[in-house]
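What follows is a set of notes on a single structure, which appears directly below.
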Amino acid sequence: MTAPLLIADGSEASALRLQAVLADLGYDAAIALSAAEALKACAKLSPAVLLASHRLPDMDTCELLRTLKQSRRELEIIVLCPRRSVAVQARRLKPLASGLLGRPVHFDEAELLLRGVMERVHLRRQLQQGKREIARRIRRRYVKRIETERFLSVKQILDKVSTFIGELAREVEGGVRYFNEIPYFIAIHDRKCRVVAANRAYRTLLGRRIGDPGWEIYDGESCSRERCPVGRTLLTENALDLRETVRYRSGAKVPVIVHTAPIFNDDGTVKLVMEVSAGTQDIGRLKEDLRNTQQRYQLLFDAVPCYVAVLDREMHVTANNRRFIDEFGDQTGVAFREVFHIDPEKLKNTPMRKTFHDGKAHHGEMTLPASSGRRYQTMVWTSPIFSAAGKLLQVLLVFIDITQIQDLKSNLTFLGLMIASISHSIKGVLSGLDAGVYTLGKAISLRDENRTQEGLELVKHMAERIRKITLDILYYAKERELNRSLIDLRQFARDVIETVRPRFERLGIRLECDDAKGTGTFSADAGLLKAALVNFLENAVDACVADAKGKREHRVVLKCESNPDAIGMSVEDNGLGMTSEQLKRLFTVFYSTKGIKGTGLGLFIADQIIRQHGGDIVVESSLGQGSRFCVRLPRMPAQGASCSEDIHGPDRSDRRRQ
């Protein structure tokens, strides 16, 4: 069954007769013999359509309809009444009812009315499903944003750890070093100088556990909360570099180099202190192991799933990781503006320049045009690299390609615009269907054949609009390959003419086909190309209709021309024409010169079809005089888009001309 229906009628016999009629039409209907029963049945069954008698024993029908509309605004209601009172009931119930059905009920009349109502129900449900899909996409988008924010928080912590490791590396060899692993004493302390985290060497050799006082490992004056390296760091809020003596778990006393670094919270208060120490006897071994450590670092550097480069103060690349090399080549020693073709003036406001200027980490979005011609939409992070003396030497640049994310954002924006545009179009179609159904119902009840034909034509027109909207959406939503075949130019033009001729004749607009200069065959997807040409012709019809009072006679001409390399087709009308502003936006998606009557997809899709065939379009228009759409296509795809002879004039670089 299409959808559940509910009959509300005080007469059981009448309700049963109507139920039988609906069953013949293929609808399953329940029966309520009073308004109270109808309210309960609506709450329980949630019917799509209610057929209510104009008179019920326990409640006025108007009151029942108002009550139902308050709780279920989408419920479609058809009122049953004697045929002699249809006009009176129409005036009385028009704001509440979707339609009226005269008694005795005629099979054809009921079928036509219910078909229109059920189509409305179906379209409404499709629209709601589209809204739910948009909501799901938005939720996924915000989940992605939260994950990005978490990543940035982790990066801030890693930046602080990197700064601290640099201080330790200064004792090994001047400058910053990157470590893959650190086999020395590492601990993090809270504001009470108690250990909150420590590595295995710290716990094993020094015998300290989580929660123990951190100062107890030191010998001499430093064995106190105030004089230990962590206590002094908390007091000064600065990183310290000290030489101390620690007591091993075995009782041995060992001289060490200690580095401490404060870790601040968001309000600038020291929250934790990181402490790293190494025995002086280990420094020599550390120097010997430096080369292996650097190799391990290089492996880590290359394994980072981002593009990483190091820039000097002259903005030259001094190092790059494997992923950077695979994508852009080894650019060591090359200026950054030569790797990515960025204007020197624009380079001044980039995160890299800001970091060189203030010595702080920065991040932001950048567009990086590569030498391959591709433009990378990227998210960039920069971090300063200082010397042992605190001088800013280089900048670490990390960036990721977010082109797909930006494309997704753009697609979501287009999706929202498409839903809004389609919603307006469907709203107009529903209004037209309402008018057609009402006209048909009225004409059938009055046995007026002229008005019946008028209503039928209106319903057909609305159905054609629905078909066109659906095809436009399907083409826009899914790309498809061209199904090329050899086409006779003259026969193709005549087929296009015959497709649109009925509408031209109905509207009294003259349609001509000038194919005298169009000869031979060409390669194209006949179905798609025909859809594009039909779209131009239908726009020409609409322009003529809109200019009904401007000229005595309107005409549209489809003209074909050809040369050995290319074919051309043009659609010219003497209709309303367009302004310069309309011409600029003519092929923009979701832009329509017809207001709510257009979806803004037709010309956009037609332009895409022509481009997919390797052709181009030139549009000439003058307000009040008419428009001309000129299409030019290569005969064969292997020959490209070039032609030895111009078909539509010398200048095709400007696709829109007045």
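The values are calculated or read from the model by the stated rules, or taken from the named source; none is laboratory data. These numbers were taken from a predicted model, which means no experiment stands behind them. As a convention, Cβ positions derive from the backbone with ideal geometry for all residues, glycine included, and neighbour counts pool all protein chains shown. Side chains are part of the model used for accessible areas, which takes the heavy atoms of the whole protein and leaves out ligands, DNA and RNA. Shrake-Rupley method; radii C 1.70, N 1.55, O 1.52, S 1.80 Å.
Points to keep in mind about this one:
- Applying a threshold of 28 Å to the alpha-carbon distances of K44/K94; K442/K551; K517/K549; K559/K584; K40/K442 flags K442/K551; K517/K549; K40/K442 as lying beyond it.
- Accessible area of region 1-124 divided out per residue, in Å², using a probe of 1.4 angstrom: 49
- Within region 1-110, the GluC sites (Glu not before Pro) that combine a DSSP coil assignment with at most 14 other C-beta atoms in a 10 angstrom radius are E74.
- Filtered trypsin sites (Lys or Arg not before Pro), region 248-281: DSSP coil and at most 14 other beta carbons within 10 Å: R249
- Phi angles of region 630-636 translate, via the Karplus equation with coefficients 6.51, -1.76, 1.60 and θ = phi - 60°, into HN-Hα couplings of 10, 10, 10, 10, x, 5, 10 Hz per residue; Gly and Pro are given as x.
- Largest to smallest in accessible area, the residues H357, H362, H461 fall in the order H357, H461, H362 (1.4 Å probe, all protein chains included).
- Computed over region 1-135: relative contact order in percent, which uses C-alpha pairs under 8 Å that are six or more apart: 21
- Trypsin sites (Lys or Arg not before Pro) within region 198-236: DSSP coil, no more than 11 neighbouring Cβ in 10 Å: R209
- For region 547-590, average projected area of the Cα convex hull in nm²: 5.0
- Accessible area (Å², 1.4 Å probe, nearest 10) - V121: 10
- Estimated from the Cβ-Cβ distance and a Förster radius of 25 angstrom, the FRET efficiency linking H106 and E454 is about 0.85.
- Amide H contacts of A197 (H built 1.01 Å from N, in plane; Pro and chain starts excluded): I188 sit under 5 Å, all sequence-distant by 5 or more or on other chains.
- The distance linking region 244-268 with region 26-40 is 83 Å (Cα centroid to Cα centroid, whole angstrom).
- Local electrostatic count at A36 - Lys and Arg +1, Asp and Glu -1, tallied over other residues with Cβ under 14 Å: -3
- Legend: residues T439, T233, sorted from most to least accessible area (1.4 Å probe; ligands, DNA and RNA excluded), read T439, T233.
- Shape call, region 1-99: gyration tensor on alpha carbons, a/c limit 1.5: rounded
- Reciprocal mean inverse distance between Cα atoms of region 191-238 - Kirkwood radius, Å: 11.1
- Surface accessible to a 1.4 Å probe, L458 within the full protein complex, Å²: 60
- Share of carbon and sulfur in the accessible heavy-atom surface of region 295-413 [1.4 Å probe, %]: 50
- K253/R194 FRET efficiency (R0 22 Å; Cβ-Cβ; nearest 0.05): 0.45
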